[in-house]
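Below is one structure; the comments refer to it alone.
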2 protein chains.
Amino acid sequence: MKTWERNIRKVVPYVPGEQPKGEKLIKLNTNENPYPPAPGVRQALLEMDFESLRKYPDPAARALVDCLAEYYGVGADQVFVGVGSDDVLATAFLTFFNSEKPVLFPDVTYSFYKVWAELFGIPYETPALDKAFLIRPEDYFRENGGVIFPNPNAPTGLFLDLSQVEEIVRHNPDGIVIVDEAYIDFGGESARKLLDRYENLLVVQTFSKSRSLAGMRIGFAMGSPRLIQAMNDVKYSYNSYTMNLPSLALGTEAVKDEAYFRETLEKIVHTREKAKKRFQELGFTFPDSMANFIFASHERIPAAELFSALQRERIFVRYFDAPRLSNYLRITIGREEEMEALFAFLEDQVSGWKP
Amino acid sequence: MKTWERNIRKVVPYVPGEQPKGEKLIKLNTNENPYPPAPGVRQALLEMDFESLRKYPDPAARALVDCLAEYYGVGADQVFVGVGSDDVLATAFLTFFNSEKPVLFPDVTYSFYKVWAELFGIPYETPALDKAFLIRPEDYFRENGGVIFPNPNAPTGLFLDLSQVEEIVRHNPDGIVIVDEAYIDFGGESARKLLDRYENLLVVQTFSKSRSLAGMRIGFAMGSPRLIQAMNDVKYSYNSYTMNLPSLALGTEAVKDEAYFRETLEKIVHTREKAKKRFQELGFTFPDSMANFIFASHERIPAAELFSALQRERIFVRYFDAPRLSNYLRITIGREEEMEALFAFLEDQVSGWKP
């Protein structure tokens, strides 16, 4: 090893879900929305002022911040935007988790939390979910350097009732509590409603799932002006201009079209509830997901084998080779016809499965 | 102060240049390119596949990486891309500057270096430029935790000859040397040519100036596969999907149109050289800039006063209220007619200036 190599930061990076290429594949592996963005987004793309691309965008991303503030009924000083919710969450880790005490998050959860904690040298502990994969609020009532959990949780899809979320926040007046609501629009109730009462609560959401804009990289946080100011100070110390002009132009249009947003969500929830019945009939068990995916395990067929069989059929789902998760598949809710193709294959295979 | 506030990271954020709004203003304050992006960029915008925005972009940004690798004649494993060169540089600080020894950069330079060092708790020292604002290579020949400097330097515009850059790299076999070449295309010679010989050299460039795409936020680094791998590991530990689909689509088009790129650069260099003569005639002194701006001081008129007078005329330039800089204005090279308006005002004002 050369001397200069000793100073290189050692990390075990997050591995994103595969982006398979080619035609005729069914992609149910990265929780994308199966429907296109709102029609206004297309219009905004066509109408973008090409010449203005030579200029820096507004570093405060005001157009998008104001639009979100109005939509969610909070102040513009209560909204932070970033390059996807990963950027928002990473900034929050860097801004808020600077204690000697451990940050707490569930053992089974979004795998990036551990990666950020290790990147920034933040101590952490991971209370175990119960046997049914539920978060036990009381695990978060002890001294800590901050709390973060997704709601609904990933990759289980389980939603923690808002009264229980509030219990966790109420027991942590001395730390900052982050609720990561990437999947909240598919059926949960947002902790946004608690913001009036808790200055130390941060709620993070994304345009990547419910708003069909994973390709644009837009995430946001809502919290007290004090928290948002602190995040902006760190953002301006890292990269002042994060949101490019297309993100600002297209993001605002995605928020404005409420009717399209509701319609798309309803279709996905409808497909999800139908899928639950089909999975059950086929001998799968799964937590009762409130997200746009189902985390399912078969009574007889090992998940790893099913994963490979599906992949051979060009049906891509997500498999986590990790403790407690290795006999499950995380299956994104696709369009009706994509789910039909999935179930046609499963019905054909499951009854006569030979390992 | 509430208990949770104690864990908030304390930073003094970078203050980006003003983005004044309204019609009929002349904007020479943020070193943007006065000409629009290449025509192919407009075409790419119109042809973007709207439906694909629902999907995550390629986290490896391969289209853009491959395109840059081909253009610059390096391997695809020698190119890293990020959300503007600030993102690339911040990632480089986080990845490479993890020594107990101080990182070295000039006292007068891009003000973000100090901000990143403080954000990440990196020790640093700032050798002074000489009286003519030149970097003294020998100041960087001592033990350190890494070296970074812009070439041409900001806000002076002075270019350090490539043989001197090599001297600095050659004297630092045990550390990583970053050359920040945001302005290199306007007349300097890139340290890219040294990459074959120095595995510990990183060269950072941007699409924001010479490629007229400040609004898209695209920056990149070139270096040895070992350095690029280390940066990607950190990137994948922070935010896997940084480059959105429009950045990938439009960025590649900007690289492909070599003829437009050269033509635009020639126009700007021509305008800059003419501007130098005019400034001299008007009693200004300035380092001999190789960038797309001139850092000028008047023999009689205090820069702060001139800054205000110009602002009243809706001509925006950049003023730094900092040691050694406070009697200078940094003036971006605009279009010919913008520079004419600037000089018409200065010619009218300078001779009969009353404070």
Which of B:6, B:318, A:278 has the fewest Cβ neighbours within 10 Å, and the rest in rising order:
B:6, A:278, B:318
Here the correct list, in nm and shortest first, of distances from residue A:285 to the same site in the other copies, label points 7 Å along Cα→Cβ, is 8.3
Return a whole-number percent for the relative contact order of chain A, with Cα pairs under 8 Å and 6 or more residues apart as the contact set.
23
Could you tell me the center-to-center distance, by alpha carbons, between the stretch A:204-222 and the stretch B:247-285 in angstrom?
37
Ranking of A:339, B:216 by count of other Cβ atoms within 10 Å, fewest first
A:339, B:216
For residue B:138, inter-copy label-point distances (7 Å, Cα→Cβ), nm, shortest first, read 7.2
DSSP-assigned coil residues among trypsin sites (Lys or Arg not before Pro) in the stretch A:59-161, each with at most 12 further Cβ atoms within 10 Å:
A:131
Per-residue Cβ contact counts at 10 Å, fewest first, order A:68, B:265 as B:265, A:68
Considering the rotation that carries chain A onto chain B, locate the chain A residue whose Cβ comes closest to its axis and report the distance in whole Å.
A:246, 2
Might you report the magnitude of the Cβ-based charge dipole of chain B about its Cα centre, with Lys and Arg at +1 and Asp and Glu at -1, to the nearest 20 debye?
880
Amide H neighbours of residue A:206 at under 5 Å, excluding residues fewer than 5 places away on the same chain, with H built from the backbone geometry, are A:220
Any number yet on Rg/Rh for the stretch B:73-122, C-alpha, Kirkwood?
1.02
With -39,500 (n - 2.57) per DSSP H segment of 4 or more residues and division by the full residue count of chain B, the 222 nm estimate, nearest 500 deg cm²/dmol, is -10500 deg cm²/dmol
Given unit charges at Cβ for Lys, Arg (+) and Asp, Glu (-), the dipole magnitude of the protein assembly as shown about its Cα centre in debye, nearest 20, is 300
For the stretch B:1-83, the percent of all C-alpha pairs falling in each 10 Å bin, from 0 up to the bin holding the max distance, is 11, 20, 28, 27, 11, 2
Averaging the inverse of every distinct alpha carbon separation and then flipping it gives the Kirkwood radius. What is it for the stretch B:40-258, in angstrom units?
17.7
Classify the protein assembly as shown as rounded, prolate or oblate, taking a ≥ b ≥ c as the square roots of the eigenvalues of its Cα gyration tensor: rounded when a/c is under 1.5, otherwise prolate if a/b is larger than b/c and oblate if not.
prolate
Measuring label to label, 7 Å along Cα→Cβ, what does residue B:16 give against each other copy in nm, shortest first?
2.2
Using a simple charge model, +1 on the beta-carbon of Lys and Arg, -1 on the beta-carbon of Asp and Glu, nothing else, what dipole does the stretch B:1-155 show about its Cα centre, in debye to the nearest 20?
580
Lys/Arg +1, Asp/Glu -1 at C-beta; the stretch B:150-230 dipole; positive extreme among B:202, B:212, B:171
B:212
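Read the figures in this text as sums done on the coordinates, not as results from a lab. This one's a predicted model, so the numbers in the text were calculated from it and none came from an experiment. Methodologically, a virtual Cβ is constructed for each residue, glycine included, from the backbone with ideal geometry; neighbour enumeration extends over all protein chains shown.
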